[in-house]
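Asker: Input: one structure, supplied below.
The values are calculated or read from the model by the stated rules, or taken from the named source; none is laboratory data. It should be emphasised that the depicted structure is a prediction, and the values quoted were computed from it without experimental measurement. Heads up, the Cβs are rebuilt from the backbone with ideal geometry, glycines too, and the neighbour counts pull from every protein chain shown.
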Amino acid sequence: MSESNETTNVSDTSVRDIFSKHADVKRSSVRELHGDSIVTEQSAATNVIATDITARQTAMAQVTVTTLNATSSALAYTQATNVNLYAGSQAIAVVATGETRLDQSAAEVLIADNVTEVKSSALGVVVANNVAMRDSTVGILIARNVEGNVSPQLDTRGAIIAGAVAGAVLSVVMVATNLLVLRQRKHR
């Protein structure tokens, strides 16, 4: 099903493609979802390209958007200007050039210019110019400016050291593997 209307409303169905200025998608799955203003609720989408997205209890695989507001949603890869993740939203990878906010949410990898507010959230790896965190957990933090009481598992210095150690260990493993392969070939 392909749409090219000003406003598209989809409920309780599976749709292949939606190309619409405004889209309201409820309890549906969509492969391609393109539009200026998109609202999704209890839905799933594979590829989403939009200016503004409001997602509630929605799963999206690949998102390219100017402004994303997600509540209780799951996101695989998001490229955006502004990102707001609320109330149980989870993201695997987020790249944001504008402002990013997380409240009671989680992100595995967050690369952002300004992480303006992180409250009661969990982050794996954060790379940003500016970060403001409160009551949150972060594994690896690489940032120019940090506000708040942040105790990362690895800071910038620790991340560099861990990367160097991991690189050295992998190099030794690769050399040993190559030597074993060469030895096995000689004995054949």
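Residues checked against (1) within 25 Å of ALA50 (Cα to Cα); (2) outside any strand (DSSP E or B):
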site	(1), (2)
GLY98	yes, no
LEU110	yes, no
ALA143	no, no
ILE160	no, yes
GLY163	no, yes
LEU170	no, yes
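Asker: Something else now. Test each condition in (1) of a type in the set (A, V, I, L, M); (2) closer than 21 Å to ALA93 by Cβ; (3) in contact with a Lys or Arg (Cβ under 9 Å, 6 or more places away or on another chain) for VAL39 and report the one that comes out false.
Answerer: Checking VAL39 against (1) of a type in the set (A, V, I, L, M); (2) closer than 21 Å to ALA93 by Cβ; (3) in contact with a Lys or Arg (Cβ under 9 Å, 6 or more places away or on another chain), the one that fails is (2).
Asker: Now, a different point. If I go through segment 122-141 residue by residue, how many of them are in a strand (DSSP E or B) and of a type in the set (Ser, Thr, Tyr)?
Answerer: 1
Asker: Which of the following residues is farther than 27 Å from LEU33 by Cα and either crowded, with 18+ Cβ neighbours inside 10 Å or in contact (Cβ under 8 Å) with a residue 12 or more places away in the chain (or both): VAL63, VAL94, VAL125?
Answerer: Residue meeting the stated conditions: VAL125.
Asker: Quick one: what pairs do we get from segment 26-51, first residue assigned to a strand (DSSP E or B), second small (Gly, Ala, Ser) and surrounded by fewer than 17 Cβ atoms within 10 Å (Cβ to Cβ), C-beta under 6 Å, 6+ apart or different chains?
Answerer: Here the result reads LYS26/SER11; SER29/SER14; ALA44/SER29; THR46/ALA61, each pair linking segment 26-51 to a residue that is small (Gly, Ala, Ser) and surrounded by fewer than 17 Cβ atoms within 10 Å (Cβ to Cβ).
Asker: Pick from LEU102, LEU68: which is part of a strand (DSSP E or B) and either at positive phi or touching a residue at least 24 places away in the same chain (Cβ under 8 Å) (or both)?
Answerer: So the residue among LEU102, LEU68 that is part of a strand (DSSP E or B) and either at positive phi or touching a residue at least 24 places away in the same chain (Cβ under 8 Å) (or both) is LEU102.
Asker: Here is a further query. Please name all residue pairs, on different chains or six or more residues apart, with Cβ atoms under 8 Å, provided the first residue is in segment 1-24 and is within 17 Å of ILE49 (Cβ to Cβ) and at pLDDT below 95 and the second residue is among the aromatic types (Phe, Trp, Tyr) and surrounded by 12 or more Cβ atoms within 10 Å (Cβ to Cβ).
Answerer: Close Cβ pairs satisfying both conditions: SER2/PHE19; GLU3/PHE19; SER4/PHE19.
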